[in-house]
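K.L.:
Just dropping this structure here.
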Amino acid sequence: MIAPRDPSPYLWWLVSRASGIVALCLVTIAVLLGLTMSTKLLRRPGVGRTLVLLHEHVALVGLTAIAVHGLALLGDPWLHPGPGGLTIPFAMSYRPLFTGLGIIAGYLAALLGLSFYARRRIGVKRWRRLHRATLLVWVLGVIHTLGAGSDAATQWLRALVLLPAIPIVYLTVLRSLQGRTRKASKANAGGATAPPRRVKALAEEAT
């Protein structure tokens, strides 16, 4: 009879692993909610306010999961990254490129998530343009997971990470097309109201 393996030496690794997966799932949901709001696919009364609140709470819980994901590694007796390895990108000895990208993603997530509470000082329009970089957090998180995750080779994790890419890419393209359409409409509206140069010149000569 095989004796059960003691999980205590792997406890901190398991906590970091689980919280990392949860963090990526929450970031994915936050990105999908943000893209849904920006494309205005759901225009029912009251839905917009609900999505904003849900987006905010998901982002905050996601930041908490990211913090747990990193801090749990301090107790890992095998990896033992130390404070420098967790806070300085590419300083960790374990797969430094992918762990470094994960650290950068964490910093960006904190910056963009907490900027929500300073959007009035930043300016709503400027904050919205800045907030679009949340998509970069998701991209870096995916690269970090597939490059540094111990379960990266498993089909279930790849499906969990890559399947949401389909709606995210679709909504991103849709938002880009909508933005171009709005700019073209404004340009056409401005051209229609402004008099041609020749007509304007003749009017000035007549006066």
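The values are calculated or read from the model by the stated rules, or taken from the named source; none is laboratory data. Everything numeric here is computed off the predicted structure, so don't read it as measured data. Cβ placement follows ideal geometry from the backbone for every residue including glycine, while neighbour counts extend to all protein chains displayed. Accessible surface is based on the protein model in full, side chains and every heavy atom, while ligands, DNA and RNA are left aside. Shrake-Rupley method; radii C 1.70, N 1.55, O 1.52, S 1.80 Å.
K.L.:
Divide by every residue of the chain the summed helix terms, -39500 (n - 2.57) for each DSSP H run of at least 4, and state the resulting mean residue ellipticity at 222 nm, rounded to the nearest 500 deg cm²/dmol.
P.N.:
For the chain, the value works out to -24500 deg cm²/dmol.
K.L.:
Taking loop as defined by DSSP and a crowding limit of 12 other beta carbons within 10 Å, which trypsin sites (Lys or Arg not before Pro) in the stretch 35-115 fit?
P.N.:
Sites meeting the loop and neighbour criteria: 40, 43.
K.L.:
List the DSSP H helices in the chain whose Cα atoms stretch 30 Å or more along the helix axis and whose mean Kyte-Doolittle hydropathy is at least 1.6.
P.N.:
11-39
K.L.:
Right, here's the next one. Got a number for carbon plus sulfur as a percent of the chain's accessible area, 1.4 Å probe?
P.N.:
Percent of accessible area from carbon and sulfur atoms in the chain: 68.
K.L.:
Pairs of alpha-carbon atoms within less than 8 angstrom and 6+ residues apart define the contacts here; what relative contact order does the chain have, in percent?
P.N.:
22
K.L.:
If I build a Gaussian network model for the chain, linking alpha-carbon pairs within less than 10 angstrom, which residue out of 46, 100, 82 has the largest mean-square fluctuation?
P.N.:
Among 46, 100, 82, the largest mean-square fluctuation in the Gaussian network model of the chain belongs to 46.
K.L.:
A follow-up question, please. Could you give the Stokes-Einstein D for the stretch 1-113 in µm² per second, using the C-alpha Kirkwood radius, 37 °C, 0.692 mPa s?
P.N.:
For these conditions, the coefficient is 208 µm²/s.
K.L.:
Keeping all protein chains in place, calculate the accessible area per residue for the stretch 105-158 (probe 1.4 angstrom), answer in Å².
P.N.:
Per-residue value: 64 Å².
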